[in-house]
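Peer 1: Below you will find the structure I want to go over with you.
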Amino acid sequence: MKETDLQALLKDMSLEEKIMQLVQLPGWVFQGDAAVTGLADATGSERVKMLAGSTLGLWGADRIKAIQDAYMKNQPHHIPMLFMLDVIHGHKTVMPCPLGQGATFDPDTVKKGAEVQAKEASADGVHVTFSPMADLVRDARWGRVLESTGEDKYLNSRLVAAMVEGYQGEDPKDADHVAACVKHFAAYGGAEAGRDYTNVELSEHTLREQYLPGYRAGIDAGAKLVMTSFNTLNGIPSSANKWLMRDILRDDMKFDGVLISDWAAIAEIKNWGLSEDFKEASRLAMEAGVDIDMCTDCYQNSLEDLLKEGAIKEDLIDEAVIRVLRLKNDLGLFEDPYHGADADKLQKLALSPEHRDIARDAARKSFVLLKNDENALPLTAKKLAFIGPYVTDNNLHSTWAISCDENHAIGIETAVKELYDGSDVECRFAVGCEMLADGTELSRETYTSKLSDAEKEALLKEALEAARWADEVVLCLGEDICQSGESTSRVSITLPKPQLALFEKVVKAAKKTVTLIFNGRPLELDDISKKTDALLVCWRPGTEGAHAVADVISGKFSPQGKLPMSFPYTAAQAPVHYDSYSTGRPKPTEGPSMFTSRFLDCPNEPRYRFGYGLTYSKFEVSEVKLSADKLEKTASAGITAAVSVKNVGNAEATETVQLYIRDLVGSRVRPVKELKGFKKVTLAPGESKEVSFQITEDMLRFWTMNNCFESETGKFKVFVGLCSCTENAAEFELI
Ligand code: BGC
């Protein structure tokens, strides 16, 4: 449809019809197949279901087509309904969780994964995915760090853009694609003490420099929707924050798509105490420009009254409705209301070998090798014991893989048996302990142990026998699937107690141990790292995670992942991130450090830093060579920073060369380092390659004392290395 047709349609719609375009129903109101019947009480009447503009949480091509048919028959203008779903890291074929995808430092891999998700979801009737989550995360106590690509604004920006490109393709109208929704606007990752659904207090310069770039990158990549966040930002809940939504999102970031609230976030404005009732909450959200009310009846019950009372103008409603109509039009729903939904197509696509290959490749690229003493990995022993709850627990997805079936994931035991089938390697498998301690609180329930003490002892006995028998033990440990994701804040970010106890006993009994960790957030691993020979972080690796593990432990694939988020010694260090602001009293690298910025009982640095990760080889990076030591502010070309990277080890491997810049003097305090570029190089033993980066003036801009983004003349340090801890640097001056 042309814009004029959309405007004509808008003009012809009744007020009720218009308001209902702004209402999103939860999928459960549609019981049965064809059905505009049985509306849940929570959202009102049968009429609501006939008119609501969108639905959340449904999939299934035939079911969605039937609902769409019934809906369009009743909708006075036969306007199609939008079907939205959280396809976060997989619809049927599951990629690694977003934090794992962050560890790939590989936008192409991330984009390919998003393409797979879009293809499968779209064939299954989905029009919009509530992804990517662009929230910057610096506090591992917050369980939703699993859904982010990490602590760095530049890495997030690159990967968020890649996800949007993958989901939407050239044109989301295309049946292989869906519309993307960048969330949660804004700064949800800054929640106080990492506790979900709470306050965020943030200075404007940190907000603009650190937290907003990820969302902006998604918007610049063309995302059709943005979602508000649950938190307050400096005292105002996002869904009521006019400055944030109008001045920043619309005017500054030029976002002209649909702004949807998070689940019930408009109703929560009342809980926050910003309004006495839902009507006032609705007015605040409308004024802020929130177009769709996700799953409450606030808009549905209030907008007409607000209009009658003169508290809002009809223009405000029209502005929101036209955006919703445009989105439907952009998805081509007026021509094909099913958007190519096709059960046969899904049958062919879902979990196809091609999709599994993409998931496997993404997973193995996401694993981060934290330690590898005396080449404990790859495995060479002939007698191997695989021990731990993750040996048999094949749910390597996350709680954000809602529409997929965990039975489609391969478990470690299966993958290892396939790997060594027909070889002279003997393997034993033992669970060793339960995943969780009795009474552990999870997001939805409290875990209750299913085993008697005698059964627990038997598990341990079997594990220790296997450990003693083996030449090398692979411990498969981790968080429970329900310990990370939404509503899983924890003050203690250790492995579950039964697993820690198992670990202690196994390392004592075994000759050599390799520890694999399955996790959705950084964990305290210092003690484990001291006691195990090799340590590999595998995240929540998805459908093909176990095959990816087999590829890596066998040496078919050298690890190449880099930490996208710091792993602290203790959660008490949080927030901890590599790009902290410089201090007036830096802790000296050597000598006495009293009255400097430090902890008495813990290093300032995390245990494992952002950008860190080993391979099966060794690399050397030469000194940084700059093409010039001065950069003119007005020069468009910039200067080049180059290094030579050499593989000095014995295996072919891929390294990620990272460029960091430090602004030595600024009108406002500056971070000690900021990532500005990265490149992957794959080198055979003995091979070397020059890697270079362009440094241009725009990379040096920040939110200055003039309250605008600009660069300031002066000296800058350029670091190039294999981790954020690199001190390999050269200096130049911006003139
Ligand atoms: C989450 C969002 C999600 C929405 C819809 C909310 O609880 O915060 O990230 O997209 O639910 O499922």
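Peer 1: Return yes or no: is residue 202 part of a loop (DSSP other than H, G, I, E, B), more than 16 Å from the ligand (Cβ to nearest atom) and touching a strand residue (DSSP E or B) at 6+ places or on another chain (Cβ under 9 Å)?
Peer 2: Criteria met by residue 202.
Peer 1: Sticking with this one: Do we have any residue at all in segment 721-733 that's hydrophobic (A, V, I, L, M, F, W, C), more than 27 Å from residue 646 (Cα to Cα) and over 33 Å from the mean Cα position of the chain (by Cα)?
Peer 2: There is no residue in segment 721-733 that is hydrophobic (A, V, I, L, M, F, W, C), more than 27 Å from residue 646 (Cα to Cα) and over 33 Å from the mean Cα position of the chain (by Cα).
Condition check ((1) farther than 27 Å from residue 403 by Cβ; (2) modelled with pLDDT under 95; (3) β-branched (Val, Ile, Thr)) across all residues:
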position: 313; (1), (2), (3): yes, no, no
position: 323; (1), (2), (3): no, no, no
position: 331; (1), (2), (3): no, no, no
position: 358; (1), (2), (3): no, no, yes
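Peer 1: Open to solvent by less than 10 Å² (accessible area, probe 1.4 Å), touching a Ser or Thr at 6+ places or on another chain (Cβ under 8 Å), part of a helix (DSSP H, G or I) and not acidic (Asp, Glu): is that true of residue 207 in this structure?
Peer 2: no
Peer 1: I've got another one for you. On the given criteria, is residue 189 touching a Lys or Arg at 6+ places or on another chain (Cβ under 8 Å), within 16 Å of the ligand (Cβ to nearest atom) and assigned to a helix (DSSP H, G or I)?
Peer 2: yes
Peer 1: Whether any residue in segment 340-347 is without any contact (Cβ under 8 Å) to a residue 12 or more places away in the chain and away from the ligand (no atom under 16 Å from the Cβ) is what I want to check.
Peer 2: Yes: one or more hits.
Peer 1: Sticking with this structure for a sec: Of the conditions (1) part of a helix (DSSP H, G or I); (2) within 16 Å of the ligand (Cβ to nearest atom); (3) in contact with a Phe, Trp or Tyr (Cβ under 7 Å, 6 or more places away or on another chain), residue 328 fails just one. Which one is it?
Peer 2: (2)
Peer 1: I'd like the residue in segment 503-543 that is in a loop (DSSP other than H, G, I, E, B) and open to solvent by 10 Å² or more (accessible area, probe 1.4 Å) and, out of all such residues, is nearest to residue 606 (Cα to Cα).
Peer 2: 524
Peer 1: When you go through 262, 293 one by one, which is the residue that is within 16 Å of the ligand (Cβ to nearest atom), in a loop (DSSP other than H, G, I, E, B), crowded, with 20+ Cβ neighbours inside 10 Å and in contact (Cβ under 8 Å) with a residue 40 or more places away in the chain?
Peer 2: 262 is the lone residue from the list that is within 16 Å of the ligand (Cβ to nearest atom), in a loop (DSSP other than H, G, I, E, B), crowded, with 20+ Cβ neighbours inside 10 Å and in contact (Cβ under 8 Å) with a residue 40 or more places away in the chain.
Peer 1: Is there a residue in segment 164-184 that is more than 14 Å from the ligand (Cβ to nearest atom) and over 27 Å from residue 344 (Cβ atoms)?
Peer 2: Yes, segment 164-184 has at least one match.
Peer 1: Still on this structure, please answer the following. Taking segment 451-478, which residues are touching a helix residue (DSSP H, G or I) at 6+ places or on another chain (Cβ under 9 Å) and either within 16 Å of the ligand (Cβ to nearest atom) or in a loop (DSSP other than H, G, I, E, B) (or both)?
Peer 2: The answer is 451, and nothing else.
Peer 1: Let me confirm something: among 680, 715, which residue is farther than 23 Å from residue 610 by Cβ and either touching a strand residue (DSSP E or B) at 6+ places or on another chain (Cβ under 9 Å) or open to solvent by 10 Å² or more (accessible area, probe 1.4 Å) (or both)?
Peer 2: None of the other options fit; the residue is 715.
Peer 1: Right, another one. Has segment 428-436 got any residue that is at pLDDT 95 or above, under 18 Å from residue 509 (Cα atoms), in contact with a Pro (Cβ under 9 Å, 6 or more places away or on another chain) and among the small types (Gly, Ala, Ser)?
Peer 2: Yes: segment 428-436 contains one or more residues that are at pLDDT 95 or above, under 18 Å from residue 509 (Cα atoms), in contact with a Pro (Cβ under 9 Å, 6 or more places away or on another chain) and among the small types (Gly, Ala, Ser).
Peer 1: What strands (runs of 3 or more DSSP E) lie completely within segment 619-668 and have 1 or more residues being out of contact with any Gly (no Cβ under 7 Å at 6 or more places or on another chain) and among the acidic types (Asp, Glu)?
Peer 2: The qualifying strands (runs of 3 or more DSSP E) are 619-621, 653-663.
Peer 1: Select from segment 214-232 the residues that are in a helix (DSSP H, G or I), away from the ligand (no atom under 16 Å from the Cβ) and over 28 Å from residue 274 (Cα atoms) and list them in ascending order.
Peer 2: The answer is 217, 219, 220.
Peer 1: Out of 667, 597, 627, 644, report the one residue that is surrounded by fewer than 19 Cβ atoms within 10 Å (Cβ to Cβ), under 30 Å from residue 377 (Cα atoms) and in contact (Cβ under 8 Å) with a residue 12 or more places away in the chain.
Peer 2: Only one candidate passes the filter, namely 644.
Peer 1: Residue check, residue 36 against (1) at pLDDT below 95; (2) assigned to a helix (DSSP H, G or I); (3) not aromatic (Phe, Trp, Tyr), all met but one. Which one?
Peer 2: Against the list (1) at pLDDT below 95; (2) assigned to a helix (DSSP H, G or I); (3) not aromatic (Phe, Trp, Tyr), residue 36 comes up short only on (2).
Peer 1: Does any residue of segment 489-500 turn out to be within 16 Å of the ligand (Cβ to nearest atom) and open to solvent by 10 Å² or more (accessible area, probe 1.4 Å)?
Peer 2: yes
Peer 1: Do we have any residue at all in segment 92-110 that's in contact with a strand residue (DSSP E or B) (Cβ under 8 Å, 6 or more places away or on another chain) and open to solvent by 10 Å² or more (accessible area, probe 1.4 Å)?
Peer 2: Yes; the residues of segment 92-110 include at least one that is in contact with a strand residue (DSSP E or B) (Cβ under 8 Å, 6 or more places away or on another chain) and open to solvent by 10 Å² or more (accessible area, probe 1.4 Å).
Peer 1: Residues to consider are 456, 450, 497; find the one that is among the basic types (Lys, Arg) and more than 28 Å from residue 533 (Cα to Cα).
Peer 2: None of the others qualify; the one that does is 450.
Peer 1: Additional query: Can you confirm whether residue 251 is outside any loop (DSSP other than H, G, I, E, B), under 23 Å from residue 180 (Cβ atoms) and open to solvent by 10 Å² or more (accessible area, probe 1.4 Å)?
Peer 2: The answer is yes for residue 251.
Peer 1: So, in segment 152-162, of the ones that are open to solvent by less than 10 Å² (accessible area, probe 1.4 Å) and over 15 Å from residue 184 (Cα atoms), which residue ends up nearest to the ligand (Cβ to nearest atom)?
Peer 2: Only one residue tops the list, namely 159.
Peer 1: Then there is this: Quick check on segment 398-412. Is at least one of its residues within 27 Å of residue 533 (Cβ to Cβ) and either among the β-branched types (Val, Ile, Thr) or at pLDDT 95 or above (or both)?
Peer 2: Scanning segment 398-412 turns up at least one residue that is within 27 Å of residue 533 (Cβ to Cβ) and either among the β-branched types (Val, Ile, Thr) or at pLDDT 95 or above (or both).
Peer 1: Let me ask something else. In segment 249-285, how many are closer than 17 Å to residue 218 by Cα and aliphatic (A, V, I, L, M)?
Peer 2: Selection size over segment 249-285: 5.
Peer 1: Follow-up. Got at least one residue in segment 268-282 being within 16 Å of the ligand (Cβ to nearest atom), assigned to a helix (DSSP H, G or I) and surrounded by fewer than 16 Cβ atoms within 10 Å (Cβ to Cβ)?
Peer 2: yes
Peer 1: Filter segment 224-247 for residues that are touching a Cys at 6+ places or on another chain (Cβ under 7 Å) and in contact (Cβ under 8 Å) with a residue 60 or more places away in the chain; which is surrounded by the fewest Cβ atoms within 10 Å (Cβ to Cβ)?
Peer 2: The qualifying residue surrounded by the fewest Cβ atoms within 10 Å (Cβ to Cβ) is 225.
Peer 1: A follow-up question, please. Tally up the residues in segment 50-80 that are part of a loop (DSSP other than H, G, I, E, B), within 16 Å of the ligand (Cβ to nearest atom) and either touching a Pro at 6+ places or on another chain (Cβ under 7 Å) or polar (S, T, N, Q) (or both), please.
Peer 2: The number of residues fulfilling the criteria is 1.
Peer 1: Identify, by number, the condition in (1) of a type outside the set (S, T, N, Q); (2) crowded, with 19+ Cβ neighbours inside 10 Å; (3) within 30 Å of residue 566 (Cβ to Cβ) that residue 373 doesn't meet.
Peer 2: For residue 373, the failing item is (2).
The values are calculated or read from the model by the stated rules, or taken from the named source; none is laboratory data. Keep in mind that this is a model prediction, so the values were computed, not measured. Neighbour counts are summed over all protein chains in view; Cβ atoms, including those assigned to glycine, are modelled from backbone coordinates with ideal geometry. Remember, those area values only see protein heavy atoms, side chains included, never the ligands or the DNA or RNA. Shrake-Rupley method; radii C 1.70, N 1.55, O 1.52, S 1.80 Å.
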